[in-house]
């Protein structure tokens, strides 16, 4: 979901390029249909590989950039417990980015290439992170809504056809559940607090609701490549299905909090068992995607700065390793050595 | 000063050191030179916040006035915080942060080892837990110091400069006052002179591996134990305490 | 941009005594000890390990999967399709 709808034009290799025959493609498809996993050195269509590299790296970038809006309130967290929880959450996000870059690296790209893609602006990341976190309540709203939406998408990807990506997602999902809970708990505490705190919570919901709903991306009818991704079991549910599920699950939670979702058309329809909701203004989504959101420039600049300022550090470490090349082999710490005793 | 007063004051200082350094490390999130270092840094910050909470909670019990760990963290003014000045120094670049952490932790590890043997049971217990964490930190930052000191010309000169810049805050680590003396006497606390000797030896070993030069003897800054900070501190607590100060009595 | 690439290491964790080491993922690091530290920070945050092995990815020897095809010239000793595992001599352009 951090990648839904990010490249509506998509990239797909001409299936006749290279030497991919339709027999190869059919054989590959039957493996997929039989729910067999594809592993790094297995034969795969070039378009499958490309789609995965793009989706996985965009997912990784989203985790890394996502650390910024949340990290924004680390130094101002209102209690030591909240500070610690938020630190752990942001640390998890770095870890998730790392697992995903690792999965991407099994497909013929490198961490460096993927990061270059992000910093050059060529690679996308989930546009939700281009919004500012203006109050402490935003931290709660992000946990509750944004992580809530992410979980909805991530669980199906645990069963995606590409092994390393699926395994990374399993790790991520295990860690993700606490993220949403901590967000909801923050909102709960605020909604039971002073008038100012309630207003703070409502204001955060007012600003984060629609961007969260837009996270699922435009309707699949807009995307030519949704069908192929579904066939290859990279994508398992449609954008609209996931969005509906999210709204159905979240609306009652908002009611419980005593907060009002900023959608006049939102209404439970007993017949279908789903919530009806208002029309999404996709202009905002495409605008932010194109780089015209409140924080796009800031997020990338921040990331670029960290990268640039770290160059001398990375170079220093590498120079040391080169100087002591033989050394590190012989002075390997005991903890790592020995197959029998490890 | 009586036994209990010394204990309370000593424990608060431990909490203050941990909180202030934890806060500085929290500021570094999203600024690491490599993604793996983000995780390491967050791990360190979490350890420090955890230690601060343990020390402050214990202090609250000792004080017996109904204050909480958060009251100590968010509702005391600058002059009530008694951390050493070293931990409140600005983050600067990666080398500055590593040097700051290295200089402090090579002391803190020794302090905790001694505290794990002191006769204040709760302090010993917290110290025994914390020392494992700090040993891990210290190995990591020492390794970085060596990598950067013996890396490129640029990395070498940068961390040499960091070391020179932070040196004047190291004297304070061993400049005990009546609280340290009382704690040593009443609770079998660390003997600072011994710690200093140990610290010097260990430091010299790491600096040699890092091909760094130990700065010359110089004037040492101080005042943390009396609540007299550097100018950075006011900004640190203004940021940290803002929400609790703006919304007094609120629950979060 | 290619100034300071750290090599890739594969990480194997034994989560409990009695179990074998399992592949957990990968980390970049400038050296072996750093790789161990990073692996510990990344993969054992929730007490998921009693023992960690790290190996440079380029040193792993792997078998050919049964269905590999000739198109991608699979080398027997490269586990990933990783451009930097392949050494290109100086003077060769566009690779």
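Which whole-number percent gives the relative contact order of chain B, counting Cα pairs below 8 Å spaced six or more residues apart? All intermediate terms of the calculation are to be shown ahead of the outcome.
Numbers: 321 pairs, mean separation 66.9, N = 252.
Normalised by residue count, the contact order of chain B is 27 percent.
Going from the alpha-carbon gyration tensor of segment B:78-194, what semi-axes, largest first and in whole Å, does one get by taking the root of 5 times each eigenvalue?
Sorted largest first and rounded, they come to 29, 16, 11 Å.
More than 28 Å apart: what percent of Cα pairs in chain A qualify? Intermediate values should be presented prior to the final figure.
Working: 27870 of 58311 pairs.
For chain A, the fraction of Cα-Cα distances above 28 Å is 48 percent.
Suppose the chain between residue A:276 and residue A:219 were pulled fully straight at 0.36 nm per residue; how much longer would it get relative to their current alpha carbon spacing?
19.0 nm
If I model segment A:95-249 as equal point scatterers sitting on the Cα atoms and use the Debye formula, what is log10 I(q)/I(0) at q = 0.12, 0.13, 0.16, 0.19 Å⁻¹?
-0.61, -0.71, -1.03, -1.31
Please compute the contact order of segment C:2-63 in relative form: average sequence separation of alpha-carbon pairs under 8 Å and at least six residues apart, divided by the residue count, as a percent.
40 percent.
Over its Cα atoms, what ratio of radius of gyration to 2.2 N^0.38 Å does the protein assembly as shown give? Intermediate results must be reported in sequence, preceding the final value.
Values: Rg = 26.8 Å, N = 689, 2.2 N^0.38 = 26.4 Å.
It is 1.02.
How far, in degrees from 0 to 90, does helix B:3-27 lean away from the longest principal axis of the Cα atoms of chain B, to the nearest 10?
Long axis of B:3-27 versus the principal axis of chain B: about 50 degrees.
Order of A:271, B:172 from fewest to most other C-beta atoms within 10 Å?
Values: A:271 5, B:172 18.
If I rank by nearby Cβ atoms, fewest first, I get A:271, B:172.
Compute the relative contact order of chain A as a whole-number percentage, counting only Cα pairs closer than 8 Å that sit 6 or more residues apart in sequence.
Normalised by residue count, the contact order of chain A is 20 percent.
So for segment A:239-296, considering every pair of alpha-carbon atoms, how many percent are separated by more than 15 Å?
Within segment A:239-296, distances greater than 15 Å cover 60 percent of Cα pairs.
Can you give the Rg/Rh ratio of segment B:24-121, where Rg is from the C-alpha atoms and Rh is the Kirkwood radius?
With Rg and the Kirkwood Rh in hand, the quotient comes to 1.00.
In degrees, nearest 10, range 0 to 90: what is the angle between the Cα axis of helix B:178-187 and the longest Cα principal axis of chain B?
It is inclined by approximately 70 degrees.
Round to the nearest 0.05 the FRET efficiency obtained for residue A:283 and residue A:206 when R0 = 30 Å and r is the Cβ-Cβ distance.
Values: r = 19 Å, r/R0 = 0.62.
Here the calculated transfer efficiency is 0.95.
Taking the beta-carbon count within 10 Å as an exposure proxy, list B:230, A:21, A:106 from fewest neighbours to most.
Least crowded to most crowded, the residues run A:21, B:230, A:106.
Once Rh for chain B is found with the Kirkwood sum over Cα pairs, what is the Stokes-Einstein diffusion coefficient at 20 °C and 1.002 mPa s, in µm²/s?
In µm²/s, the coefficient is 115.
Run the helix sum for chain A: -39,500 (n - 2.57) per DSSP H stretch of 4+ residues, divided by residue count, reported at 222 nm to the nearest 500 deg cm²/dmol.
Calculated mean residue ellipticity at 222 nm is -19500 deg cm²/dmol.
Given axes a ≥ b ≥ c from the Cα gyration tensor, I'd like to know whether segment B:153-249 is rounded (a/c under 1.5), prolate (a/b larger than b/c) or oblate.
Judged from the Cα gyration tensor, segment B:153-249 comes out oblate (a/c at least 1.5, b/c at or above a/b).
Would you work out if segment A:73-115 is rounded, prolate or oblate? Take a ≥ b ≥ c from the square roots of the eigenvalues of the alpha-carbon gyration tensor; rounded if a/c is under 1.5, else prolate when a/b is larger than b/c, oblate otherwise.
Prolate.
Per residue, how much space in cubic angstrom lies within the convex hull of the C-alpha atoms of segment C:2-63?
Enclosed volume per residue, from the Cα hull, is 89 Å³.
To the nearest 10 degrees, how steep is helix B:35-63 against the longest Cα principal axis of chain B, on a 0 to 90 scale?
30
Rounded to the nearest 500, what is chain B's calculated 222 nm mean residue ellipticity when only DSSP H runs of at least 4 contribute -39500 (n - 2.57) each, over all residues?
After summing the helix terms and dividing by residue count, I get -23000 deg cm²/dmol.
Classify segment A:157-252: rounded, prolate or oblate, from the alpha-carbon gyration tensor (a ≥ b ≥ c, eigenvalue square roots; a/c under 1.5 rounded; otherwise prolate if a/b is larger than b/c)?
Since a/c reaches 1.5 but b/c is at least a/b, the shape of segment A:157-252 is classed as oblate.
By DSSP, what percent of the beta bridges with both residues in the protein assembly as shown are antiparallel, rounded to the nearest 5? Numbers along the way, then the final one.
Values: 15 of 16 bridges.
Taking every DSSP beta bridge with both residues in the protein assembly as shown, the antiparallel ones total about 95 percent.
Among A:145, B:110, which comes first, second and so on when ranked by fewest other beta-carbon atoms within 10 Å? Don't jump to the answer; show the numbers that get you there.
Numbers: A:145 27, B:110 23.
Arranged by neighbour count, lowest to highest, A:145, B:110 become B:110, A:145.
Let me know the mean shielding of B:137-144 by other chains, meaning the per-residue number of their Cβ atoms within 10 Å of its Cβ.
Numbers: counts 0, 0, 3, 6, 0, 0, 7, 7.
Mean partner-chain Cβ count within 10 Å for B:137-144: 3.
No lab work stands behind these numbers, since they all come straight from the coordinates. Only a predicted model underlies this, so the values are computations on that prediction, with no experimental measurement involved. Virtual Cβ from ideal backbone geometry, glycine too; neighbours counted across all protein chains shown.
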